[in-house]
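Notes follow once the structure below has been shown.
The values are calculated or read from the model by the stated rules, or taken from the named source; none is laboratory data. Here the structure is a predicted model, which is why all the values come from computation and not from measurement. Positions of Cβ are generated from backbone atoms using ideal geometry, with glycine treated the same way; all protein chains shown enter the neighbour counts. Note: areas computed on protein heavy atoms with side chains; ligands, DNA, RNA excluded. Shrake-Rupley method; radii C 1.70, N 1.55, O 1.52, S 1.80 Å.
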Amino acid sequence: MNYNLLEEPWLPLWRAGRQVHVGLVDAVTNPAITRLLGNSPIQEAALLRLLVAIAHRAGGLDAVPGYLEKWRHRFDLLDPCSIPTRRSCKPRG
């Protein structure tokens with residue numbers, strides 16, 4: 001069982017005139033997305049900050065897909081190895 005934030009539709013966005021939910025990969029690679037949709041302006045700012053942090057850490061927008069693929073296992077919320085205190089897992093990446 002897994003729930004990977006890169007692919008699971010969890011980010012609320014505005015695309016092509018309607019609200020959709022997408023994963024992180026689609027959110028940063030799809031130019032048709034026009035706006036983040038949170039329940040409040042503070043939530044929208046937090047989502048934007050997450051996307052900017054990913055782009056910054058990757059080294060720019062062009063490098064984001066490769067960065068996300070390299071660290072794919074870290075975005076799986078149900079992967080036991082994604083919990084930093086778990087000692088039985090060997091580090092990846």
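Ranking 26, 76, 62 from most to least accessible surface, computed with a 1.4 Å probe over the protein chains only, gives 62, 26, 76.
One entry in (1) 19.6, 64; (2) 16.7, 47; (3) 14.3, 47 is Rg and Dmax of the Cα atoms in Å calculated from the shown coordinates; its label is (3).
Can you work out the accessible area per residue across the chain, with the rest of the protein chains kept in place, probe 1.4 Å, in square angstrom?
Here the per-residue accessible area is 70 Å².
Calculated mean residue ellipticity, 222 nm, the chain: -10000 deg cm²/dmol, from DSSP H runs (n ≥ 4) at -39500 (n - 2.57) each, averaged per residue and rounded to 500. The accessible surface of the chain, taken with every protein chain in place and a 1.4 Å probe, is 57 percent carbon and sulfur. Residue 77 label point, 7 Å along Cα→Cβ, cut-off 20 Å on backbone N: hits in the range 1-37? From the range 1-37, the list is 1-14, 20-28, 36-37.
Within the chain, the longest run free of exposed loop sites, counting trypsin sites (Lys or Arg not before Pro) that sit outside DSSP helix and strand states (H, G, I, E, B) and have at most 15 other Cβ atoms within 10 Å, spans 1-85.
Rounded to the nearest Hz, the phi-derived 3J(HN,Hα) couplings of the range 30-42 under the Karplus curve 6.51 cos²θ - 1.76 cosθ + 1.60 (θ = phi - 60°) are 9, x, 7, 6, 10, 6, 7, 10, x, 6, 8, x, 5, where x marks glycine and proline.
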